[in-house]
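Report on one structure; see the data block that follows.
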Amino acid sequence: MQKLTTTLKKLGYLWKRSQVPIREPIQISRIDNLIIFLVCTVISIISSYKLLVIPSLTNSDIFSWFLNFIEVLVSCGFLIMVSKKENPFINSRQILLIITLLLLVQVAKYNFPLVLSPLSMIVPPALIISQGMGTITALAWVSIASINWPDFIAPINNNLLIITLICSCIVSVLGGRIRNRAQLLQLSIFVPLGALFSQWILIGRFQNSILDNQKNFISNDKIFSDSLLLAVLMLCTILFIPIFESTFGLLTKARLLELADKEKPLIRRLSIEAPGTFEHTLLICGLAEEATRMIGGDIDLIKTGALYHDIGKLHAPNWFIENQEGSKNPHDEIDDPIKSAKVLQAHVDEGLKFARKNRLPIPIANFIPEHQGTLKMGYFLYKAKEKNLNIIENDFRYKGPIPQSKETAILMLADGCEAALRAMNINASDQMALETISNIIISRQKDGQLDDSNLSKAEVFLIQRSFLNVWKRIRHRRIQYPTTKNNTFS
Ligand SMILES: [Fe+2]
Ligand SMILES: [Fe+2]
């Protein structure tokens, strides 16, 4: 009996862990929910009202209309659910974008079936969604946008629908992975070319339809103009993606890489005004990137997040030890642990202000408070206790929140291990380094800092190993190689 209870508990735990993310999605206000619901209802009405506009309406007609209406409404709900699952930080504007694109497609299907081909209606929006909200959301959107075609205006060729579905799926999958605008341009050329050839082979006027016996072949001129229109629309979409990014707060891979550019003014300022912090940031980037690769997380996100995590130190660089370079420590001069703790907390608060001023996307800004979580400012707490001050321990803890994603949790661990690893003796063994790393990680775990991060034990183990690998690389670089006087070899 006890065995059964333990097994059930284990199964329950595994189920809980499989539900990614553990974190509750962002709360959406009632008004926004109402607007989203209204748009979904309009989509359902547009998709189904024609079933009611027939002479001599029977009960079965009303029933089939109702079924159609509910089907589309439920599909919209499913789409929103999938997008929330894939993007825990999705906001109402982004949901509205997905739903509005669906609405536009439904309107186009019923009003411009002869002008726009299914390819031009579905592929460009799929590109926007895959870039901004990921492959799974884009695939869900494509599957819903591909149903409910009006067959009373002009019968749609089934082969054309299959080609549309294949092209949209390719765009959804590649769009979610593409990391620069040049690859996007290639996609906008090759997909229309592929569509042109496959249409020409499968549904051209002089060909027999391969997949079915439909007689509604399309002229080769129409196929060419449709593919050209698709290429133009995809190019326009790529041009407008930066506007979508800023208007709807989308975080595309290209935007992440642009933000990670070390020539960005804020990063340049960090390298000039706080060189120590900049060096610390670069080292953390290396540690965090390796660990994220090991556990299969979002490398571009963590690389960019790591670059900006301590940006708040710009408000007072010389108050942080890494920027003091042997000069006097202002903390010693004020000799007030409470004030010193406030300065430390300020690097988080000011960092968030910098993030807002520079319009950093929310997932990047989240690295600023979450890398410190609610950690204790141990040194100043110790100093305060030494002075017998009347203190509350919470005054010496960062305000949080604790890491809410695997990436921010990795950054917290990398932040903790960086100084310790840098300070380690060059002759220290791997075992010693691993012990140092695991001690830091265990202390964070015991403090409850990783509770909301959804990191499994296996992932924590992999993170330890990857930190060790990075340390080995650093140590290797620091070893002085013997040189000869006439060193001509390389
Ligand atoms: Fe920090
Ligand atoms: Fe840091």
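Bear in mind that the values in this text are calculations on the coordinates, not laboratory data. The structure displayed is predicted, hence computed values, not measured ones. Glycine gets a Cβ as well: all are built from the backbone with ideal geometry, and neighbour counts include every protein chain shown.
What to note about this one:
- Hydrodynamic radius of the range 73-189 per Kirkwood, over alpha carbon pairs, in Å: 14.5 Å
- Cα gyration tensor shape of the range 266-369, rounded if a/c is under 1.5, else prolate or oblate by comparing a/b with b/c: prolate
- Over the chain, the alpha carbon radius of gyration divided by the compact-protein estimate 2.2 N^0.38 Å works out to 1.22.
- Asn427/Arg179 FRET efficiency (R0 45 Å; Cβ-Cβ; nearest 0.05): 0.65
- Each residue in Val42, Val171 was given a count of other beta-carbon atoms within 10 angstrom of its own, and listing them fewest first yields Val42, Val171.
- The simple spin-label model puts a point 7 Å past each Cα toward its Cβ; for Trp149 and Lys457 those points are separated by 5.3 nm.
- Averaging 1/r over each pair of different alpha-carbon atoms in the range 85-137 and inverting the result gives 11.9 Å, the Kirkwood hydrodynamic radius.
- Computed from the Cβ-Cβ distance with R0 of 22 Å, the FRET efficiency linking Gln324 to Ser443 stands at 0.30.
- Relative to the 2.2 N^0.38 Å rule of thumb, the range 286-342 has a C-alpha radius of gyration ratio of 1.58.
- Measuring r between the beta carbons of Ile338 and Glu71 and using R0 = 56 Å, the FRET efficiency lands at 0.35.
- Evaluated over the range 213-306, the count of Lys pairs having alpha-carbon atoms less than 29 Å apart is 5 (only pairs 8 or more residues apart or interchain).
- Overall form of the range 246-289 per C-alpha gyration tensor (a/c, 1.5; a/b vs b/c): oblate
- Given charges at beta-carbon only (K, R positive; D, E negative), |dipole| of the chain in Debye: 620 debye
- Nearby aspartates and glutamates by direct alpha-carbon distance to Lys84 (threshold 13 angstrom, same-chain neighbours under 8 apart not counted): Glu24
- Positive-end residue of Ala145, Leu96, Phe190, charge dipole of the chain with Cβ unit charges: Phe190
- Take the Cα of Cys236, step 7 Å toward its Cβ, do the same at Leu11, and the gap between the two points is 5.4 nm.
- Over the range 392-448, the reciprocal of the mean inverse Cα-Cα separation, the Kirkwood hydrodynamic radius, stands at 12.8 Å.
- DSSP H segments from the chain that extend 20 Å or more along their own axis, Cα-based, with Kyte-Doolittle mean of 1.6 or above: 30-48, 158-175
- For the chain, Cys167, Cys169, Cys236, Cys285, Cys417 stand unpaired, since no other cysteine beta carbon lies under 4.7 Å from theirs.
- Cross-link pairs beyond the 31 Å C-alpha cut-off, checked among Lys376/Lys457; Lys313/Lys383; Lys328/Lys399; Lys353/Lys383; Lys109/Lys406; Lys313/Lys406: Lys109/Lys406
- Each principal axis of the Cα atoms in the range 126-198 has its own extent, and those three values, largest first, are 42, 27, 14 angstrom.
- Between Leu96 and Thr374, residue separation times 0.36 nm minus the direct Cα-Cα distance comes to 96.7 nm.
- Between the range 295-342 and the range 105-138, the Cα center-to-center distance that results, in Å: 46 Å
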